[in-house]
Amino acid sequence: MRSLDEELTDLADHYRWFAQVEAAPVSPRYAQLAAAVAEVLAFLGTLPRPKRQANLLLGALQYLHGGPPADGAQLHERVTGDADRLRATMLARATQTNEAARCAALLPVLAGLPGPLALIEVGASAGLCLYPDRYGYAYDDVRVGPASSPVQLRCAVTGRVPVPTEVPQVVRRAGIDLNPLDPADPADVAWLQALIWPGMEERRDRLTAAAAIAAREPAEIRRGDLVEQLPGLVAAMPTEATVVVFHTAVLAYLPAPAKEAFAELVTGLPVRWVSQEGVGVLPAVRERLPAPPADDEARFLLALDGEPLAYTAAHGGRIDWLPAAAALG
Ligand SMILES: C[S@@+](CC[C@H](N)C(=O)[O-])C[C@H]1O[C@@H](n2cnc3c(N)ncnc32)[C@H](O)[C@@H]1O
């Protein structure tokens, strides 16, 4: 069987051949377009396979040029004209968006646990989901949390969402990430901004405001693998607090054995476990759903200690509470 690398090289060669042999004599425009595709494919072929993601390429282009290319021609110009810097950025950086709006789904669960809370986020990125008590919320028209916070999160709800009357007390914030980003570092914040897609502009101001909150009150984010680092971090938490281990949009990046190892580990630790992941990411949680999800279900599944509670919008802003969800506490 041919490797992906070989296929990519062949594909670039095919586009070059098409440009030069087939198109050039009759259609200079097609020749130009096919040559442009070949050059971009050839550039991607110089990168290790995990570094060829569309999101990484487009994010790096935004990061280096302050915004996305206007069109395909500009993309080609930037890829070929600035290949070394682009390659270096793609090798140095990773796709690790951080979305504070996901806190709106976490809050009803966190507020239902006995406080005070010590929060541990695995796969924390810059840790912006570690400040649920510092953001304000509007669940439909019910307001919760500090009205003066520069981060105000709107969240539509259906079902019997236990919207809290106040935010929980958080006495410790900690996290683990393979590559923690520093919310106080302008380059890291610029990278997070670059990962936001055109068309999702409302996320930018929220990111800037949440990063400023996190920078003022830094969380301890340990560098490393979440399975390896978790027991040590849990042991370092204050004993008088309820220790909550949570994660959102993280476990899909792990191979199946690592996901299983994490689920086994977290259920054996003296913690509460809040997960918010794609519906197929944790099969054991999915199996506990009262009804099987649709094949194309794109929402996340929110769960407490492995028990499904609600479907939530992947980037925040919506909670659909499950009719049969267990009581919290
Ligand atoms: C898509 S980001 C989500 C960040 C944040 N949880 C949020 O919801 O905004 C996923 C994060 O998980 C981290 N990550 C992936 N695999 C990991 C692992 N095995 N151990 C620790 N962190 C990991 C990545 O580095 C990245 O920062």
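The values are calculated or read from the model by the stated rules, or taken from the named source; none is laboratory data. Here the structure is a predicted model, which is why all the values come from computation and not from measurement. Reconstructed Cβ throughout: ideal geometry from the backbone, glycine too, with neighbour counts over all protein chains shown.
Only one of the numbered conditions (1) within 9 Å of the ligand (Cβ to nearest atom); (2) farther than 11 Å from Ile319 by Cα is not met by Arg102, and that is (2).
For Arg173, indicate whether it is within 15 Å of the ligand (Cβ to nearest atom) and closer than 25 Å to Trp273 by Cα. In short, yes.
Every condition in (1) of a type outside the set (Ser, Thr, Tyr); (2) modelled with pLDDT of 95 or more; (3) within 12 Å of the ligand (Cβ to nearest atom); (4) under 27 Å from Gln53 (Cα atoms) is met by Ala214 except one, and the failing one is (4).
Scanning the range 263-297 for residues that are over 18 Å from the mean Cα position of the chain (by Cα) and in contact (Cβ under 8 Å) with a residue 24 or more places away in the chain returns Ala263, Leu265, Val266, Thr267, Leu269, Pro270, Val271, Arg272, Trp273, Leu289, Pro290. Being assigned to a helix (DSSP H, G or I), of a type in the set (A, V, I, L, M) and without any contact (Cβ under 8 Å) to a residue 12 or more places away in the chain, is that true of even one residue in the range 45-54? Yes - at least one qualifying residue is present in the range 45-54. Only one entry in Pro168, Pro150 is out of contact with any strand residue (DSSP E or B) (no Cβ under 6 Å at 6 or more places or on another chain), assigned to a loop (DSSP other than H, G, I, E, B) and touching a residue at least 40 places away in the same chain (Cβ under 8 Å), namely Pro150.
Every residue, every condition in (1) touching a helix residue (DSSP H, G or I) at 6+ places or on another chain (Cβ under 7 Å); (2) away from the ligand (no atom under 12 Å from the Cβ); (3) more than 24 Å from Glu220 (Cβ to Cβ); (4) modelled with pLDDT under 95, yes or no:
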position: Met90; (1), (2), (3), (4): yes, yes, yes, no
position: Leu107; (1), (2), (3), (4): yes, yes, no, no
position: Leu113; (1), (2), (3), (4): no, yes, no, no
position: Gly123; (1), (2), (3), (4): yes, no, no, no
position: Leu128; (1), (2), (3), (4): yes, no, no, no
position: Tyr135; (1), (2), (3), (4): yes, yes, no, no
position: Arg154; (1), (2), (3), (4): no, yes, yes, no
position: Val163; (1), (2), (3), (4): yes, yes, yes, no
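Being without any contact (Cβ under 8 Å) to a residue 40 or more places away in the chain, away from the ligand (no atom under 12 Å from the Cβ) and more than 21 Å from Ala303 (Cα to Cα) holds for only one residue in Pro186, Pro198, and it is Pro186. Residue-level analysis places Pro283 among those that are loosely packed, with under 15 Cβ neighbours inside 10 Å and more than 16 Å from the ligand (Cβ to nearest atom). Scanning the range 201-210 for residues that are in contact (Cβ under 8 Å) with a residue 40 or more places away in the chain and under 16 Å from the mean Cα position of the chain (by Cα) returns Arg203, Arg206, Leu207, Ala210. Taken together, the residues in the range 249-273 that are within 15 Å of the ligand (Cβ to nearest atom) and assigned to a strand (DSSP E or B) amount to 1.
Residue-level analysis places Ala194 among those that are closer than 19 Å to Gly127 by Cβ, out of contact with any Pro (no Cβ under 8 Å at 6 or more places or on another chain) and assigned by TED's automatic domain parsing to the domain that holds Arg134. Please go through the range 230-248 and pick out each residue that is part of a strand (DSSP E or B) and within 16 Å of the ligand (Cβ to nearest atom). Passing the criteria: Val244, Val245, Phe246, His247, Thr248.
Of a type in the set (Gly, Ala, Ser) and assigned by TED's automatic domain parsing to the domain that holds Pro69, is that true of Ala36? So Ala36 fails the test.
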